[in-house]
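One structure is given below, encoded as structure tokens.
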Amino acid sequence: NWLGDTNNDSLQRIYGISFPDKSMLKQWKENQEKAKERDHRRIAQKQQLVFFHDLSPGSAFWLPHGARIYNKLIEFIRGHLWQRGYDEIVSPNAYNLDLWNISGHAMHYKDAMFCFPVEGKEWALKPMNCPGHCLMYGCTIRSYRDLPIRFADFGVLHRNELSGALTGLTRVRRFQQDDGHVFCRDDQIEEEVLSALEFMKDVYTTFGMSYKLELSTRPKKALGEKVLWDRAEAALASAMDAFGGKGSWTVNPGDGAFYGPKIDIKVMDAMERIHQCATIQLDFQLPIRFDLKYNTGSEQKDETFARPVMIHRAMLGSVERMFAVLCEHYGGKWPLWLSPRQVMVIPVHADWKEYCDSVRERLHNEGFFVDVDLTKATFQKKVRNAQVAQYNFQLVVGEKEVKNESVNIRTRENVVEGEMKVDDMIERLKTLRKEFK
């Protein structure tokens, strides 16, 4: 809408694009067609993963199969958090607005917050976790020996996006982030930022996506003194040089957050589209605003306490947005470890129902998503239905397989792999899951 006011006339945004040669134009057209076919809204509806309702616009309803992917993404990040020394915490959803006045968010962000009165005072649903994490850091006396402290939080966040800006899962009002905040000493900054970059690399390598790094620097509406910003930007630049080498990243002037500079990670999907999901941000401002400190161990009276540095980091960004990106990246053909429909057991005849149920139970007990097709459809139709539904494997069962305690394997791509013992198939599936394939 004109001037961002919903009461004004709506506007139509027009984009133009040109290409140096015909081959690039051809590739672009092919990718545009792929994008239409792979639209996450279309796939989510077809695979019965997610839906939206007018009674809660901008908030996804996660159906059972969609929730499987959603939870698997969180589980994937939790595994990394455990290995990388994070402590997962749980923080409140609603706060007195005084918290956001202390943090500075009320001044910069209040229009995008859901605010409401509570006993004569103004409260708000949290749009981010960082101020609450500052309260948790400051709830006890910290020593230099305690640092770094790494908090992780998958709490629900709400942002009051304009209804006209809501777009599938890429722009929502209710979402969760794989949010993390590291409180560290100045001499630990480079090591912690490097660790976060390695974390990011592992995540996007698993997804099969490439990435580019950008250093976003001090914006016009920045909080704090320029000297602190200069220190923060220099620390991030040093860590990026150590991670990828000089010249491996670019500068995005003036695009930092109001509280500190950040490393933006631009990831490329299978259609060579750029997405901004992960981020690493250095923050000298919130520790000042919340008067956070730690005991240095120094015997000098004026050096007893020092201010920690805060690092904001997210690998997926919002889980909703990453779900949409991966849905289109894979075109709905989810890899086994992430798939909500991993195995379909197909009996050649109804006589083998009991055996098929036993195979399903064994796989289910190993943590796999398995169904048995007991419909009256023909064998070929059952196989085709499972492949269209994107089951990674179809396990065909006939008289021979029952006698041999085996299954006959077909893939989603209709490759017939042949007979395999059930025990061996289970081990194969476990290996694929463990290797994130």
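Compare the Cα positions of G332, S358, V345 along the charge dipole of the stretch 322-369 (+1 at Cβ of Lys, Arg; -1 at Cβ of Asp, Glu; about the Cα centre) and return the one farthest towards the positive end.
In the stretch 322-369, that residue is G332.
What residue among N404, N129, N295 shows peak mean-square fluctuation when the chain is described by a Gaussian network model with Cα springs under 10 Å?
For the chain, modelled as a Gaussian network with Cα springs under 10 Å, the answer is N404.
If eta is 1.567 mPa s and T is 4 °C, what Stokes-Einstein diffusion coefficient results for the stretch 21-141, Kirkwood Rh from Cα pairs, in µm²/s?
69
Compute a Gaussian network model of the chain, connecting alpha carbons closer than 10 Å, and tell me which residue from A152, A237, A165 fluctuates the most.
A165
Provide the per-residue ³J(HN,Hα) series for the stretch 88-94, in order, calculated from phi with Karplus coefficients 6.51, -1.76, 1.60 and θ = phi - 60°, each as a whole number of Hz, with x at glycine and proline positions.
Karplus-based 3J(HN,Hα) across the stretch 88-94 equals 7, 10, 10, 10, x, 8, 10 Hz.
Gap in Å between the Cα centre of the stretch 126-200 and the Cα centre of the stretch 266-343?
7
Taking a probe of 1.4 angstrom, what is the accessible area of V422 in Å², to the nearest 10?
Probe radius 1.4 Å; accessible area of V422 about 10 Å².
Sequence neighbours fewer than 8 away in the same chain don't count; with that in mind, list the aspartates and glutamates whose C-alpha is under 16 Å from K381.
Qualifying aspartates and glutamates at Cα under 16 Å: D371, D373, E413.
Pick out the long, greasy-scoring helices in the chain: whole DSSP H runs spanning 20 Å or more along their own axis by Cα, mean Kyte-Doolittle at least -0.5.
Result, helices passing both filters: 64-83, 189-207, 226-244.
So for the stretch 1-154, averaging the separation of alpha carbon pairs under 8 Å that are six or more residues apart and normalising by length, what relative contact order in percent results?
16
Setting aside same-chain residues fewer than 8 positions from K121, which lysines have a Cα under 25 Å from its Cα?
K110
Share of Cα-Cα pairs in the stretch 69-205 beyond 28 Å, in percent?
28
Would you mind computing the Rg to Rh ratio of the chain from its alpha-carbon coordinates, Kirkwood style for Rh?
1.03
Using a Gaussian network model of the chain with C-alpha springs under 10 Å, which one of F368, F116, F258 is most mobile by mean-square fluctuation?
Looking only at F368, F116, F258, the largest GNM fluctuation is found for F116.
Under the rule of at least 5 residues apart or a separate chain, name every residue whose amide H is placed under 5 Å from the amide H of E419.
Excluding prolines and chain starts, which carry no amide H, the hits are I409.
Between the stretch 369-413 and the stretch 5-40, how far is it from one alpha carbon centroid to the other, in angstrom?
40
Output wanted: per-residue J couplings in Hz (rounded whole) for the stretch 246-261, from phi through Karplus 6.51 cos²θ - 1.76 cosθ + 1.60, θ = phi - 60°, x for Gly and Pro.
Values per residue, Gly and Pro as x: 5, x, 8, 9, 10, 9, 10, x, x, 10, x, 6, 5, 9, x, x Hz.
Quick check: net charge around V251, other residues with Cβ under 10 Å of its Cβ, Lys/Arg +1 and Asp/Glu -1?
On the way: positive: none; negative: E214, E233, D255.
Around V251, the surrounding residues sum to -3.
Using a Cα-Cα cut-off of under 21 Å, which lysines could be cross-linked to K72, ignoring same-chain neighbours fewer than 8 residues away?
Straight-distance partners of K72: K46, K201, K333, K430, K434, K437.
Rg (Å, one decimal) plus Dmax (Å, integer) for the alpha carbons of the stretch 287-373?
Cα only, the stretch 287-373: 26.8, 84 Å (Rg, Dmax).
Hey, if you put +1 on the Cβ of every Lys and Arg and -1 on every Asp and Glu Cβ in the stretch 287-337, which of F323, V309, N295 ends up farthest toward the positive end of that dipole?
Result: F323, furthest along the dipole toward the positive end.
Let me cross-check T296: its accessible surface, 1.4 Å probe, with only protein heavy atoms counted, in Å² to the nearest 10?
40
The values are calculated or read from the model by the stated rules, or taken from the named source; none is laboratory data. Please read all numbers here as calculations on a predicted model, not as lab measurements. Please note: Cβ atoms are built from the backbone with ideal geometry, for glycine as well, and neighbour counts cover all protein chains shown. To get the accessible areas, we keep the full protein, side chains included, count just its heavy atoms, and leave off ligands, DNA and RNA. Shrake-Rupley method; radii C 1.70, N 1.55, O 1.52, S 1.80 Å.
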